[in-house]
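Below is one structure, written out as structure tokens; comments come after it.
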Amino acid sequence: MLPQHRPISPLFRFICIFVVIALFAGIAFTLLRDREEAPPPITEHAFESGHAIWSIDDYPAKVLHSNHFLIELTDLSGAPLQGAGLTVKLNMLNMICGDYEFSMTETAPGMYSGEGVPLMAGTWKAALTLVTGDHTYTIIRVLRAIH
Ligand SMILES: [Cu+2]
């Protein structure tokens, strides 16, 4: 005797379609999140008394190597912001594997250079402390480090 085929119930069909849609939504979400986790090499930041362009050479940054950070500061009129004091602290997101702190030196009017060393591969938070006149600002960016 042949096995009898029961017609697929509408509820079962609905559940199948729902599962497929959920699967695709999950894949799309994962792809989008991965793209967000790769921060760009150059970031721009506005703060109360000016504007900062922060770039990292040979991005992504290399683990346990000196990576050249360049921060270009302008004041509200667009002129180079000179004589500021800049320090950067690197720390890894969601991990306690050690911080790396360094200061930036002004190599040309409004151009500040420094060398950052990420200790592990992954996504790092870089917090810039900027002192100009009697104001102190904190500027945050994220960066990716690879081997
Ligand atoms: Cu780590």
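The values are calculated or read from the model by the stated rules, or taken from the named source; none is laboratory data. Just so it is clear, the model here is predicted, and its values are computed rather than measured. Please note: Cβ atoms are built from the backbone with ideal geometry, for glycine as well, and neighbour counts cover all protein chains shown. Remember, those area values only see protein heavy atoms, side chains included, never the ligands or the DNA or RNA. Shrake-Rupley method; radii C 1.70, N 1.55, O 1.52, S 1.80 Å.
Okay, here's what the table says:
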{"read-out": "For the stretch 36-134, size of Cβ-based charge dipole, Lys and Arg +1, Asp and Glu -1, in debye", "value": "220"}
{"read-out": "Karplus 3J(HN,Hα) series, Hz, for the stretch 99-113 with 6.51 cos²θ - 1.76 cosθ + 1.60 (x for Gly, Pro)", "value": "9, 9, 10, 8, 10, 10, 10, 7, 9, 8, x, x, 10, 10, 10"}
{"read-out": "Thr87 accessible area, assembled protein chains, probe 1.4 Å, Å²", "value": "50"}
{"read-out": "Table column - 3J(HN,Hα) (Hz), the stretch 6-17, Karplus curve with 6.51, -1.76, 1.60, x for Gly and Pro", "value": "8, x, 5, 6, x, 5, 4, 4, 4, 5, 4, 4"}
{"read-out": "Helix-only mean residue ellipticity at 222 nm for the chain, each DSSP H run of n ≥ 4 adding -39500 (n - 2.57), per residue, nearest 500", "value": "-6500 deg cm²/dmol"}
{"read-out": "Where labels lie 7 Å past Cα in the beta-carbon direction, separation of Thr74 and Lys62 in nm", "value": "3.2"}
{"read-out": "Radius 12 Å from Cβ of Gly110, net charge of other residues (Lys, Arg +1; Asp, Glu -1)", "value": "-3"}
{"read-out": "Surface accessible to a 1.4 Å probe, Tyr59 within the full protein complex, Å²", "value": "50"}
{"read-out": "Among His68, His45, His135: highest mean-square fluctuation, GNM of the chain, C-alpha pairs under 10 Å", "value": "His135"}
{"read-out": "Rounded percent of accessible protein surface that carbon and sulfur make up, the chain, 1.4 Å probe", "value": "63"}
